[in-house]
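Notes follow the structure.
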Amino acid sequence: MAGEPLGMLSACATGEAIGSGELDGAECLAFWAERAGDETLNAYLWTGPDDGGQRIAGAPVAVKDIFCTEGLPTTAGSRILDGYAPPFDATAVTRLRAAGLPVLGKTNMDEFAMGSSNENSAYGPVLNPWDRTRVPGGSSGGSAAAVAAGAAPWALGTDTGGSIRQPAALCGIVGLKPTYGAVSRFGMIAFASSLDQCGTFGHSVADAAELLSVVEGLDPRDSTSTGIPGGLSRPTASDLEGITVGVPRNFLEVGVEQGVADRFAEALKTVERLGGTIRDIELPHAELGISAYYVIAPAEASTNLSRYDGVRYGLRVPADDLVEMYERTRGEGFGPEVKRRIMLGTYALSSGYYDQYYGTAQKVRTLIVRDFEAAFSEVDLIATPTTPGVAFELGAKTSDPWSMYLNDLFTVPMSLAGIPAISIPAGLAAPPEGGPQLPVGLQLAAPAFAEQALIESAHALEAAIGFDERPEGGGDS
Ligand code: GLN
């Protein structure tokens with residue numbers, strides 16, 4: 001660790017320093033607990049630390065408040081889970097503890113992970129550490145902002161349609177969403193079960209991959225879990241020799257900000273400089289991804305969220321009879337976006353409309369899966385900008401759901417196909433309206449369970465891009 005300030009030490013190196021006795025685990029935890037407790041971005045809903053007298057073998061982890069943590073508040077960003085402290089840990093959290101990684105705090109998020117800006121949290125928005133008038137992205141905005149601001153060494157999030165990759169891009173850090181099934185969903189509060197997946201945030205590909213290797217794995221308590229066959233090892237690649245990277249040009253034609261397009265073009269040049277080959281590909285149905293997603297995800301959400309009835313968890317608003325109690329509890333407990341999705345989803349599943357909406361969306365999903373299969377018969381990876389634009393101003397998109405949903409244009413297709421994808425920083429760009437420069441993300445996607453190949457290439461690119469900027473105050477003490 002050679003004199004490097006603890007806040008700048010990678011999470012991997014922190015674990016090694018604790019392992020070798022060079023760094024004291026309890027001191028490390030205390031350092032990060034202070035950083036987490038001091039942050040002013042509203043990134044945390046609860047800070048610990050939760051050391052519980054356990055063995056400390058590495059850097060503590062900021063955990064999105066969607067993961068159940070035994071005896072600790074778990075709200076999923078919703079009023080309806082106010083006061084809920086689960087009697088068990090999510091499997092991902094159990095795995096952290098077993099690896100000697102304490103929970104540093106629970107991070108703020110869009111209510112039930114529905115959102116792209118963190119403005120849908122019942123506990124107030126998270127601010128972007130690069131510019132506090134802007135959003136950090138969502139729904140895992142608290143996790144991304146905490147890591148970017150140096151208030152956590154690394155973090156867990158969830159990604160249903162982009163909720164790890166998009167905030168990672170907007171906050172200038174790495175976000176890794178593995179293949180659907182890689183990490184158990186047990187104890188991860190459900191939004192859209194066929195899409196929800198746990199993933200990781202870090203300052204580097206190696207850190208994000210290391211944390212994923214801790215939480216991934218088959219879990220008998222989640223029948224869709226598989227783990228990553230062969231596991232994950234630390235990436236070592238320094239070039240892209242023999243790697244073909246596909247670029248879906250047609251898909252990218254729609255409204256990408258100039259600054260984002262410029263950083264993306266440079267990243268593709270870097271791919272070639274590292275010995276990789278760029279090939280244009282088609283993903284003919286990818287542009288339908290948003291439309292399909294915003295039928296499928298609300299449909300699954302409307303079912304999953306029926307369990308919040310004022311009887312079993314959190315908030316109860318008393319009333320004279322049972323039905324009125326349900327209505328009042330749900331009326332007061334859910335925020336507007338969650339209500340919108342429950343209504344959309346219930347409608348899409350209703351008899352007479354099921355085929356027209358849900359059935360059609362599922363067919364589109366299949367076409368998108370096939371698009372990726374065809375593309376991956378020609379290329380090893382697919383590259384896109386992670387988001388069409390840089391971080392936008394708080395309030396800029398709250399009155400127009402469709403413009404908010406368009407943030408997910410490039411991330412949703414991978415979620416529908418269940419394939420792994422990563423966002424790495426590609427540099428900075430000014431927003432279209434002018435002003436200070438903000439982070440831009442590069443997304444790389446790979447075939448199912450090709451995580452190792454994905455992180456190898458991302459690691460080589462990350463080193464060549466050489467992005468090492470942090471927002472003011474981001475970990476430099
Ligand atoms: N922004 C998307 C939505 O609102 C994705 C959210 C997510 O991945 N959890 O649904």
**Request:** Taking each pair of different alpha-carbon atoms in region 91-145 once, compute 1/r for the pair, average those values, and report the inverse of that mean as the Kirkwood hydrodynamic radius in Å to one decimal.
**Result:** 11.8
**Carbon + sulfur, % of accessible area of the chain - ligands and nucleic acids excluded, 1.4 Å** = 52
**Prompt:** What size of dipole, in debye to the nearest 20, comes out for region 270-328 about its Cα centre when the only charges are +1 on Lys and Arg C-beta atoms and -1 on Asp and Glu C-beta atoms?
**Reply:** 300
**Request:** Have a look at the DSSP beta bridges in region 39-116 and tell me what percent are antiparallel, nearest 5.
**Result:** 50
**Item:** Antiparallel bridges, percent of DSSP beta bridges restricted to the chain (to nearest 5)
**Value:** 70
**Asked** Over region 330-465, what relative contact order in percent results from Cα pairs under 8 Å that are six or more residues apart?
**Response** 24
**Request:** With a cut-off of at most 12 other beta carbons within 10 Å, and DSSP calling the residue loop, which chymotrypsin sites (Phe, Trp or Tyr not before Pro) in region 222-305 qualify? Please list them.
**Result:** none
**Fill in**
Distance in nm between Asp280 and Glu241 label points, each 7 Å along Cα→Cβ, equals 3.0
**Request:** Can you grab the distance from the C-alpha centre of region 351-429 to the C-alpha centre of region 172-236, Å, no decimals?
**Result:** 19
**Request:** Treating only the Cβ atoms of Lys and Arg (+1) and Asp and Glu (-1) as charged, compute the dipole magnitude of region 368-459 about its Cα centre; round to the nearest 20 debye.
**Result:** 140
**Fill in**
Using alpha carbon positions and the Kirkwood radius, the Rg to Rh ratio of the chain is 0.95
**Asked** What percent does the relative contact order of the chain come to when contacts are Cα pairs within less than 8 Å and at least six residues apart?
**Response** 18
**Prompt:** Under a 1.4 Å probe, what is the accessible area of region 93-196 per residue, stated in Å²?
**Reply:** 13
**Fill in**
Once phi for every residue in region 258-264 is put through the Karplus expression 6.51 cos²θ - 1.76 cosθ + 1.60 (θ = phi - 60°), the whole-Hz ³J(HN,Hα) values, with Gly and Pro written as x, are 4, x, 5, 4, 5, 5, 5
**Item:** the chain: calculated mean residue ellipticity at 222 nm from DSSP helix runs of at least 4, using -39500 (n - 2.57)
**Value:** -10000 deg cm²/dmol
**Item:** Cleavage-rule hits, trypsin sites (Lys or Arg not before Pro), region 276-321, DSSP coil, Cβ neighbours within 10 Å at most 12
**Value:** Arg312
**Message:** Pairs of alpha-carbon atoms within less than 8 angstrom and 6+ residues apart define the contacts here; what relative contact order does region 148-189 have, in percent?
**Reply:** 28
**Prompt:** Taking the Cα centre of the chain as the origin and placing charges on Cβ (Lys, Arg +1; Asp, Glu -1), which of Gly389, Val295, Pro49 is farthest toward the positive end of the dipole?
**Reply:** Val295
**Item:** Sparse-neighbour loop sites [GluC sites (Glu not before Pro); region 391-463; at most 10 other C-beta within 10 Å; DSSP]
**Value:** Glu433
**Asked** Which ³J(HN,Hα) values, rounded to whole Hz and listed in residue order, are derived for region 205-213 from phi using the Karplus coefficients 6.51, -1.76 and 1.60 in 6.51 cos²θ - 1.76 cosθ + 1.60 with θ = phi - 60°, glycine and proline given as x?
**Response** 4, 4, 5, 4, 5, 4, 5, 5, 5
**Item:** Protection proxy ranking of 240-250, 322-332, 157-167 - average other beta-carbon atoms within 10 Å, highest first
**Value:** 157-167, 240-250, 322-332
**Prompt:** Given +1 on the Cβ of Lys and Arg, -1 on the Cβ of Asp and Glu, and no further charges, what dipole in debye does the chain carry about its Cα centre, rounded to the nearest 20?
**Reply:** 900
**Item:** Positive-end extreme of charge dipole, the chain - chosen from Gly314, Gly157, Cys12 (charges on Cβ)
**Value:** Gly314
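The values are calculated or read from the model by the stated rules, or taken from the named source; none is laboratory data. Bear in mind that the values here come from a model prediction, so they are computed numbers and not experimental data. Every residue, glycine among them, receives a Cβ derived from its backbone with ideal geometry; neighbour counts consider all protein chains shown. The protein model used for the area step is the full one, side chains on, heavy atoms only, and it has no ligands, DNA or RNA in it. Shrake-Rupley method; radii C 1.70, N 1.55, O 1.52, S 1.80 Å.
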